[in-house]
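The values are calculated or read from the model by the stated rules, or taken from the named source; none is laboratory data. The structure presented is a predicted model; accordingly, all values stated were derived computationally and were not measured. All Cβ positions, glycine included, derive from the backbone under ideal geometry; neighbour counts span all protein chains shown. The area values use the complete protein model at the heavy-atom level, side chains included, leaving out ligands, DNA and RNA. Shrake-Rupley method; radii C 1.70, N 1.55, O 1.52, S 1.80 Å.
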Amino acid sequence: MAEGARTGGAVGGTLAAGGMSVELPLWKAISYFRVLALGYALLRYFNSYLHFLHPVAGWIYFGALILWTLASTRAFANPQRCTWYVLGFDLTLAVTGIVLSGMTDAPGRISHGAPTLPTIWAAGTVLGFAAKGGWRPAAASGAVIGVANILSHGGPTGDNIHNIVLLLVAGCAIGYVIELARASEATLTRALQVEAATRERERLSRDIHDGVLQVLALVQRRGAELGDGTGSGGGADFAELGRLAGEQERALRALMTGGPLPAQRLPEAGPAEAPDPAAPRDLTALLRPYADERITLSAPGTPVLLPGPAAGELAAAVGAAVDNVRRHAGEGARAWILVEDEPEAVTVSIRDDGPGFAPGRLGEAERAGRLGVSQSIRGRVLDLGGTAELYSAPGEGVEVELRVPRKASR
């Protein structure tokens with residue numbers, strides 16, 4: 001499972017790196033908003049501080065507000081750095097400025113709805129709570145700011161209620177959107193993990209079909225022949241061997257179609273492994289071992305180059321089709337492999353003169369767990385971005401056409 005672990009790790013690393021992709025733009029926007037809101041609050045106070053009863057206290061507060069806003073800008077731009085302690089201090093500073101407004105401003109200005117010292121800067125606090133915890137923390141922080149606003153102005157007024165409602169609606173709306181975004185991202189993460197696991201299982205299924213299942217099927221047939229005396233020997237031991245091989249074959253097919261595969265140790269690469277697996281390989285050279293007295297290979301005189309992995313997978317798909325010819329077309333059947341090297345794609349056709357099969361036979365075989373065509377042939381070619389078409393009719397043989405586009409196989 002070494003390759004499976006690498007695949008899962010790559011998917012997990014990608015998701016971990018992009019886990020905050022939906023939230024990061026919002027956090028950056030909140031960080032920018034706090035800086036702009038601070039500038040707006042400073043401008044408002046500069047234009048009206050002469051009307052305050054204690055303007056020096058207001059300037060002292062703005063000094064602390066400037067230092068905190070600049071010091072916390074990086075924290076508000078990143079969800080990991082913006083902890084609940086940071087948000088708690090931010091809320092404390094906002095409430096302090098609102099309460100201080102009632103102590104430093106002139107009563108007449110307060111009664112006429114003069115803005116508080118932090119003005120809209122306090123909205124950045126509510127937005128921070130919304131981004132961090134959703135709509136409930138946003139509603140709680142907005143309620144605290146609203147109560148402080150009412151108390152500092154001597155009671156509820158029309159302007160106060162209007163501003164508080166707007167603050168609560170904006171904070172709760174953004175918090176709810178954040179919760180939906182997180183739920184959607186979690187669903188997408190699970191879907192990608194399931195897709196990665198499915199693709200890995202299909203890859204292992206192809207490998208098992210091309211190796212273990214073929215051997216088990218052969219052992220089962222030969223064991224049955226030797227057990228009933230039609231082969232070169234006889235005996236109950238051979239029959240039992242064939243029966244056990246058949247049971248193991250069926251168990252593996254069941255795992256391939258529905259259950260998780262047991263952990264397998266893949267062979268480690270030996271010293272003869274190509275230093276660059278992605279290097280181009282000649283498809284014709286890979287297909288030449290399939291040719292014999294029954295199977296004819298026709299290919300261009302020049303090498304048909306494909307990237308190493310793509311050439312290997314396409315050759316394996318052709319090998320699975322050839323194996324089907326040898327197993328199902330009959331002893332006297334012949335087959336032809338035709339390789340066409342086109343500018344945009346490589347097409348390989350495998351045709352035999354065997355008995356063919358009726359429509360719907362492939363679907364029945366797949367439902368029964370025999371995945372030679374769907375996994376070893378179609379699955380491989382589809383993974384390369386290509387197409388696999390099968391044509392057959394009773395008495396007319398079978399033709400398999402595999403087409404792999406060059407761009408998709410790079």
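The figures follow:
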item: Residue count for the stretch 51-76, restricted to those that are within 32 Å of the chain's Cα centre (by Cα) and more than 19 Å from A122 (Cβ to Cβ); result: 1
item: One residue from Y85, Y32 being part of a helix (DSSP H, G or I) and either under 17 Å from I174 (Cβ atoms) or at pLDDT below 90 (or both); result: Y32
item: Unique residue being assigned to a helix (DSSP H, G or I) and β-branched (V, I, T) when the list is T69, T119; result: T69
item: Positions within the stretch 42-90 being open to solvent by less than 60 Å² (accessible area, probe 1.4 Å) and small (G, A, S), in sequence order; result: S48, A57, G58, G63, A64, S72, A75, A77, G88
item: Positions within the stretch 91-114 being assigned to a loop (DSSP other than H, G, I, E, B) and open to solvent by less than 50 Å² (accessible area, probe 1.4 Å), in sequence order; result: D105, A106, G113, A114
item: In the stretch 383-398, the residues that are open to solvent by less than 60 Å² (accessible area, probe 1.4 Å) and in contact with a Lys or Arg (Cβ under 6 Å, 6 or more places away or on another chain); result: G386, A388
item: Residue check, I377 touching a helix residue (DSSP H, G or I) at 6+ places or on another chain (Cβ under 7 Å), modelled with pLDDT of 85 or more and surrounded by 18 or more Cβ atoms within 10 Å (Cβ to Cβ); result: no
item: Candidate set from the stretch 378-387 (those that are hydrophobic (A, V, I, L, M, F, W, C) and closer than 13 Å to A345 by Cα); member that is farthest from the chain's Cα centre (by Cα); result: V381
item: Subset tally (residues that are open to solvent by less than 10 Å² (accessible area, probe 1.4 Å), in contact (Cβ under 8 Å) with a residue 40 or more places away in the chain and among the hydrophobic types (A, V, I, L, M, F, W, C)) for the stretch 129-147; result: 3
